[in-house]
1. Scanning segment A:301-310 for residues that are more than 10 Å from every other protein chain (Cβ to nearest Cβ) and buried (at least 19 other Cβ atoms within 10 Å of the Cβ), which turns out nearest to residue A:325 (Cα to Cα)?
2. Does residue B:83 qualify as being within 14 Å of chain A (Cβ to nearest Cβ) and outside any strand (DSSP E or B)?
3. For segment A:33-44, check the following and say yes or no: at least one residue is away from chain B (no Cβ under 14 Å), assigned to a helix (DSSP H, G or I) and touching a residue at least 12 places away in the same chain (Cβ under 8 Å).
4. Looking at segment A:350-369, which of its residues are surrounded by 22 or more Cβ atoms within 10 Å (Cβ to Cβ) and either in a helix (DSSP H, G or I) or touching a residue at least 40 places away in the same chain (Cβ under 8 Å) (or both)?
5. Looking at (1) in a loop (DSSP other than H, G, I, E, B); (2) over 14 Å from the mean Cα position of the chain (by Cα); (3) more than 14 Å from every other protein chain (Cβ to nearest Cβ), which is the one condition that is false for residue A:165?
6. Condition test on residue B:63, is it outside any loop (DSSP other than H, G, I, E, B), in contact with a strand residue (DSSP E or B) (Cβ under 8 Å, 6 or more places away or on another chain) and modelled with pLDDT under 95?
7. Is it the case that residue A:225 is within 15 Å of residue A:168 (Cβ to Cβ), in contact with a helix residue (DSSP H, G or I) (Cβ under 9 Å, 6 or more places away or on another chain), in the same structural domain as residue A:87 (by TED's automatic domain parsing) and modelled with pLDDT of 95 or more?
8. Exactly one of these conditions fails for residue B:128: (1) within 14 Å of chain A (Cβ to nearest Cβ); (2) touching a helix residue (DSSP H, G or I) at 6+ places or on another chain (Cβ under 6 Å). Give me its number.
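The values are calculated or read from the model by the stated rules, or taken from the named source; none is laboratory data. Quick caveat: nothing in here was measured; it's all calculated off a predicted structure. Cβ placement follows ideal geometry from the backbone for every residue including glycine, while neighbour counts extend to all protein chains displayed.
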């Protein structure tokens, strides 16, 4: 059967082959995992079991259960002081990936250019492409902490005339995040250039050095930001596949139109479990965050000590060290490290061309594993 | 709570070098802090949690929860009676609790008879003890935050975005 050209051209085949190699291997210490190593807190799992026992197995409203939307609205208001109308401005989705896909399809016209800071999480490029847009990648640098600057935004707008911008902070894969002051400056540029912003803040609760400030809290942003979040990372609920999008009623309405035909609704058990997480799961988040902070310190120090320059990521659970001193393409390095020392890392090139020369290492792994991985990498480098 | 205590509470065998790396302090600073905690009694003891059901040829140990009602004493309240009771080596834990009784004990013995003898000959006849209720423990599922059953390793994909 013929495959649509657009889809055939999508997958980065080299990386896929590397992934397959890892999946078939035994005794690997993996720093390649993009999900928490904690299991979902018991009270949330118990709620999910209870819901199944009570027969919560039906469809829900397309937008998601009204009580969950109200819970999210309350949480956003209490935590960040943002007000969204649960009736018209919040949509429950199957993870942030679906929310991003809906947002792109609902707002991008054929040929629209969308700015994406690079390195970028693997979904943005393909999703924009599939929606008919054209992603334009803005290279960020290690020496700038992998952040885009207002000046960079100004130049890109002059050059490419984009209609939108994807922001992902804290970032997967670099862990970079923005302070309130940095965001304030970015917001002025965003407003100046009348951009729509797809703000993926899934790692918000895992911000370590300062308070995370959601983009819609800034003056003038609410009307132009589609705010995306979910419970996967903060509450260790990746397998529940539950996210949400908040934004102006018109955009959420348009996204709901697509969602009702493609997904219908998010799974009801996941919606019920999410209510439990948001109502009483914050102690778990803080416990996990403290543990991640310690591991981050260990990884950053250990990598820098062995000569792999690594910036201190402000959030998420990734470090993104440079391997430029090794003079080996990141894919080759990752393959060789896997073959010789059985340590899996994700080659930087998976996150964009300019991320070549870096690798992503996840510290969502036990301290014992991280220690052993560092010993093996050291031995690989001969340091 | 100090991060050092947090780490040791999870794993008392964590080497000081690792604690130093995890907390961003020097090895000397960690050693000094631990010594201070030991000295001032913050760290009382380092113990191992053992699942006795899995110990080969185990020495039989019987445990009982004992609820004790006592008459508090002028000026010293429950402390005086509590001290009289917890000083017995058979008493491994002793708590003052709210509710229908006053002290909750965990008592160990080699068999039911030794625990029963302790209650009958030592505990119940004490001057300020008004009454006791003994519950023999049948199975331990979780001890001090630790689930004793070996948990299955959760399967995560080795690599994911």
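1. Among residues in segment A:301-310 that are more than 10 Å from every other protein chain (Cβ to nearest Cβ) and buried (at least 19 other Cβ atoms within 10 Å of the Cβ), the one nearest to residue A:325 (Cα to Cα) is A:308.
2. No.
3. Yes.
4. Matches in segment A:350-369: A:350, A:351, A:352, A:355, A:358, A:360, A:361, A:362, A:363, A:364, A:365.
5. For residue A:165, the exception is condition (1).
6. When the stated conditions are applied, residue B:63 passes them.
7. So residue A:225 passes the test.
8. Residue B:128 satisfies every listed condition except (1).
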